[in-house]
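So the structure is just underneath, and the comments pick up after that.
The values are calculated or read from the model by the stated rules, or taken from the named source; none is laboratory data. Owing to the predicted nature of the structure, the values given are computational and were not obtained by experimental measurement. Neighbour counts run over all protein chains shown; Cβ positions are idealised from the backbone, glycine included. Protein only, heavy atoms only, side chains kept; ligands, DNA and RNA dropped before computing areas. Shrake-Rupley method; radii C 1.70, N 1.55, O 1.52, S 1.80 Å.
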Amino acid sequence: MAKNKREKIHFNFKILLTVLLIVTMPLLVFAVKNVSTQTSSHAMDNYPYYFSQHNSKWQRSTCDIQSYGCYPASLAMALKKFGLSGIDPLTVARDIGRGCKNGTNTYEANQAMRYVMEKGLHIYNVTGSKYSDIVVNGGKSFNYERAKDVIDSGGVILLGGCMKYFRTNNTLKDTPGLHAVLVINVNPNTHILTILDPTKEWGPRYFNGDDDIMNGCSNGNNGYYFAYSIARPE
């Protein structure tokens, strides 16, 4: 008798569970289908200072930002992040001569540094051969603790090196090239850099500082190439 009662209760519980599943399944499907996706506009809400060098607004016959504008686009992002108005990749490229006259002429760094100082910010060259520097020119080493200090103090890092970058269809190239990006966060434990890549269609790129800096650039500039810390004056 007790056994039959237990079996009846168990049977009724299974029926109740089945009914609940039938009733709640449409609601569950609806909820899953209506989870907000991270579109381009949603992603960039957090990065209103992002610039894409592929944007047709920056292209001029005398200034090929799409092909050569990673440095001025990254520098423009840094300047805009600090609240400067009237800044875009084309303006920066023309002001420092980069991307307009000589393509990827990265030897105009001193002119860019003067330009940033004129805008009321500090820029420091942290490229060199000492361990205390963030990167070693032509090497694979990256000082994550030093870089984190820069970020934690309110700065950003303009970083260049041999790496893959995005095509206009937002897929990474198979082969690396000399490229510049803006570092906005550093995790010393995982060695992941959060960067804004001017060739990426939207959102941040999570860059492995050990693996994503490469050899194989056709111009011979392998590894890291330069790093500049940009911050407000103390």
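Looking only at residues in region 120-154 that are in a strand (DSSP E or B) and farther than 17 Å from residue 211 by Cβ, which one is most open to solvent (accessible area, probe 1.4 Å)?
124
Look through 193, 172, 178 and report the one residue that is among the hydrophobic types (A, V, I, L, M, F, W, C) and surrounded by fewer than 20 Cβ atoms within 10 Å (Cβ to Cβ).
172
Within region 208-218, identify whether any single residue is of a type outside the set (Asp, Glu), over 30 Å from residue 234 (Cα atoms), in contact with a Gly (Cβ under 7 Å, 6 or more places away or on another chain) and crowded, with 19+ Cβ neighbours inside 10 Å, and answer yes or no.
Among the residues of region 208-218, at least one is of a type outside the set (Asp, Glu), over 30 Å from residue 234 (Cα atoms), in contact with a Gly (Cβ under 7 Å, 6 or more places away or on another chain) and crowded, with 19+ Cβ neighbours inside 10 Å, which makes the answer yes.
Would you confirm, using the coordinates I've provided, whether residue 233 is surrounded by fewer than 19 Cβ atoms within 10 Å (Cβ to Cβ) and either hydrophobic (A, V, I, L, M, F, W, C) or modelled with pLDDT of 95 or more (or both)?
Spelling it out, it is not the case that residue 233 is surrounded by fewer than 19 Cβ atoms within 10 Å (Cβ to Cβ) and either hydrophobic (A, V, I, L, M, F, W, C) or modelled with pLDDT of 95 or more (or both).
If you scan region 93-121, which residues turn out to be at pLDDT 90 or above and either within 22 Å of the chain's Cα centre (by Cα) or within 16 Å of residue 64 (Cβ to Cβ) (or both)?
116, 121
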